[in-house]
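Worksheet: one structure, shown below.
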Amino acid sequence: MARLDPHSYADSAQARTRSFDLSARIDFETRTLTARVTLSFEQPSQGTLDLDTRGLTILSSSVPHRLHPAEPILGSRLELTLAPGTKSVTLEYRTAPDASALQWLEPAQTHGGKQPYLFSQCQAIHARSVVPCQDTPSIRQTYTASLDVPKALRAVMAAAPLGRTEQGERAVEKFEMPQPIPPYLLAFAVGDLASRDLSPRARVYSEPGQLDAAAWEFSGVEAMIHAAESLFGPYDWERFDMLVMPPSFPYGGMENPRLTFLTPALLAGDKSQVNVVAHELAHAWTGNLVTNSTAEHFWLNEGFTVFAENRILEMLEGAEVAALHAAIGRQELVDAFKQFEKQPGLTHLRTKLDGIDPDEAFSQVPYQKGYLFLKTLEQAAGRERFDALLKTWLKTHRFKAATTDDFTDLVEKLEPGLLAKVDAKAWLDAPGLPQNSWAPQSSRLAAVRAQLGRMPEQTEGWTPAEWQLWLEATGRPFQHCAELDARYHLTEVKNPEVLVSWLTLAAESGYAAVLPRIDQVVSHFGRMKYLKPLYRALAANPQWLPRARALYEKLHRQYHPIAQQVIGAIVKT
Ligand code: BES
Ligand code: ZN
């Protein structure tokens, strides 16, 4: 008996799910799914089987069952008892109206304003609030699904669509996911959705009123898939479709296979955030093909993906642009180290997360420290040799779960001595940023850095990336906020990355004139990357803390359940 994952009741001695078949009736009135799932096992099994659940009401079970009391992070263990030779179990259940993986939106929270909307977000451990399952990435599963929705709405899934049938006021949409996935990649959305093809294998979905903007912003996606394939090998998921989410989506993007979810904040009309698409596309290799076995090895997903994202960007937009993005990332890492001053363990690449909620451990550390570790290895080995190593990594572990040791074992085998040369131990199992880190360098970067700490004068030709970097890296408090805004009209900027970087700098500098604009931003967007720094900046100022609390009180019901938890913790401390 051994747990496979600190965040799951799954046990190595028990039956292992190979596939599941889910059918769910989606009810917007009660905000629940009434569902039936059949889990089929790798082998006929017997004895105890522990499943993960959160907030589920079990209506029936094909085998004896016992639902244990809820634990704060893990949820409720559902203990099943299998007779010898059991090949599958079937459960009927209902989800809770506050299921942590689901956000139910009123029509007013959508772009069109007429129809309700529902979407899922299962990473890291929220799939269990939608389906009782072995909710660990170390157990990959295929699935089929059927969603019963109001006829006026369309359902999409991160899976292959098998067709829609309508009956009366309802419609049933069927899907199949033939490639085995970790449960956190289960994903669906229901709403007033339209779509447009961008290439034979890429299509964008959004609400009808946003489709033109979305098709324009992401028109380069096929070139991006091409670039990625030339770097990492054939794309294994057949289609790369994208879904533009409502503004309350808590992330910039989520790499759901075949159907990446993207925040509408990317529709800035300037193609300045296509790196997010590159990032989610790169996950098709790093993360979705080779998957972290538990959240303790999250850097294997995100560090590798930032590395891959940057390579795609370098290929399509050149080394200067890639260096600017790397520099923005490095600044975000510095901020993350500050945040975790009292929890230095969370700044290791390999973490210990027993008793820690992955949503609370989330930060830019696995992304940016992971990226810098890989760049440092690349620099020491040479690009050609490191590329070969990466390809072997992807080939050896495709469609499998991997640990940090799997990676270091491979490096030691292919490049003996390389780990010692870069002091890999310091990267993996110690806090902060090792001295020997690779650092981005470029002329555009130098031009921005030369102007930190004072009013920027040479800003001609600055792209949003340069502005973002300057705003994030300049020292606080910045004494000339009013003058800066008068000169460059930052409060009116459309690009949300630049806007949020500006508002954060201004708030951290005590510049009160931006407060109304901050209210607007945190009222419109639910992306945590925007909410967190703005709420933090308000909460850190004793004069503005009541304002932060009042804002949160007013808005929290329209935030995603995960954002409520994360932002709630910021305004309450
Ligand atoms: N997989 C992540 C999002 C995520 C991580 C959701 C952990 C839940 C738990 C996704 O690929 C991601 O990293 N998104 C970034 C994009 C950025 C790095 C380009 C984001 O949302 O900002
Ligand atoms: Zn990612």
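One table, with the values for the structure above:
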| quantity | calculated |
| --- | --- |
| In Hz, Karplus ³J(HN,Hα) per residue of region 497-514 (6.51, -1.76, 1.60; θ = phi - 60°; x = Gly, Pro) | 5, 5, 4, 5, 4, 5, 4, 5, 4, 5, 5, 5, 9, x, 8, 6, 4, 8 |
| Calculated FRET value between LYS413 and LYS554, using beta carbons and R₀ = 56 Å, to 0.05 | 0.50 |
| For GLY526, distant residues with modelled amide H under 5 Å away | SER248, PHE249 |
| Difference of contour (0.36 nm per residue) and Cα-Cα distance, LEU59 to SER219 | 53.0 nm |
| Of all DSSP beta bridges in region 193-284, antiparallel share, percent nearest 5 | 55 percent |
| Cα-based helix-to-principal-axis angle, 404-414 vs the chain, degrees rounded to 10 | 70 degrees |
| For region 86-154 versus region 195-216, the gap between their alpha-carbon centres in whole angstrom | 23 Å |
| For region 290-429, convex hull of alpha carbons as volume per residue, Å³ | 109 Å³ |
| Per-pair calculated FRET efficiency, R0 = 51 Å: GLU169 and GLN343 via Cβ, rounded to 0.05 | 0.50 |
| Residue among THR351, PRO246, MET1 farthest towards the positive dipole end of the chain, charges placed on Cβ | MET1 |
| Amide proton proximity set for ILE181, modelled H, under 5 Å, gap of 5+ | GLN141, THR142 |
| Size of electric dipole in region 402-538: Cβ of Lys, Arg +1 and of Asp, Glu -1, about Cα centre, debye, nearest 20 | 360 debye |
| Overall dimensions of region 214-283 by Cα: Rg and Dmax, Å | 11.6, 35 |
| Computed [θ] at 222 nm, deg cm²/dmol, the chain (DSSP H ≥ 4; -39,500 (n - 2.57); rounded to nearest 500) | -10500 deg cm²/dmol |
| J(HN,Hα) series, region 49-60, from Karplus relation 6.51 cos²θ - 1.76 cosθ + 1.60, nearest Hz, glycine and proline x | 10, 9, 10, 8, 9, 9, x, 7, 9, 8, 8, 7 |
| Sequence-separation-based contact order of region 290-429, relative, with Cα cut under 8 Å and 6+ spacing, percent | 36 percent |
| Computed magnitude of the charge dipole of region 193-284 (debye, nearest 20; Cβ of K, R +1, Cβ of D, E -1) | 60 debye |
| Candidate aspartates and glutamates - alpha carbon under 18 Å from LYS87, same-chain residues fewer than 8 apart omitted | ASP11, ASP21, GLU42, ASP50, GLU79 |
| Region 7-28 residues near the modelled THR90 label - backbone nitrogen below 18 Å, point 7 Å along Cα→Cβ | 18-25 |
| Listed residue (VAL290, TYR143, CYS133) projecting farthest to the positive dipole end of the chain, Cβ model | CYS133 |
| Formal net charge of residues neighbouring ILE58 (Cβ-Cβ distance under 10 Å; K, R +1; D, E -1) | +1 |
| Cβ-Cβ FRET estimate between ALA430 and ARG487, R0 fixed at 51 Å, reported to 0.05 | 0.70 |
| Amide H contacts under 5 Å for ASN292, placed H, 5+ residues apart | ASN301, ALA402 |
| Net charge of Cβ neighbours under 13 Å - reference VAL514; Lys, Arg +1; Asp, Glu -1 | -2 |
| Residues of region 193-284: accessible area per residue with a 1.4 Å probe, Å² | 28 Å² |
| Charge tally in the Cβ shell below 11 Å around LEU433, where Lys, Arg are +1 and Asp, Glu are -1, LEU433 excluded | +2 |
| Separation in nanometres of the label points that stand 7 Å from Cα toward Cβ, at ARG3 and ALA420 | 3.6 nm |
| Distance from region 164-193 to region 505-573 (C-alpha centre basis), Å | 34 Å |
| 22 Å Cα-Cα reach of LYS400 towards lysines, excluding residues that sit fewer than 8 places from it in its own chain | LYS352, LYS391, LYS413 |
| When each of LYS271/LYS554; LYS375/LYS395; LYS342/LYS425; LYS271/LYS395; LYS532/LYS554; LYS338/LYS532 is checked by Cα-Cα distance, pairs over 23 Å | LYS271/LYS554; LYS271/LYS395 |
| Table column - 3J(HN,Hα) (Hz), region 158-165, Karplus curve with 6.51, -1.76, 1.60, x for Gly and Pro | 7, 6, 8, x, 10, x, 10, 10 |
| Mean Cα-pair separation over length for the chain, i.e. relative contact order, pairs under 8 Å, 6 or more apart, % | 11 percent |
| Compactness relative to 2.2 N^0.38 Å, alpha carbon Rg of the chain | 0.96 |
| Size of electric dipole in region 1-192: Cβ of Lys, Arg +1 and of Asp, Glu -1, about Cα centre, debye, nearest 20 | 200 debye |
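The values are calculated or read from the model by the stated rules, or taken from the named source; none is laboratory data. Since the model is a prediction, treat every value here as computed from it, not as a measurement. As a convention, Cβ positions derive from the backbone with ideal geometry for all residues, glycine included, and neighbour counts pool all protein chains shown. What goes into the accessible areas is simple: the full protein's heavy atoms, side chains included, and nothing from ligands, DNA or RNA. Shrake-Rupley method; radii C 1.70, N 1.55, O 1.52, S 1.80 Å.
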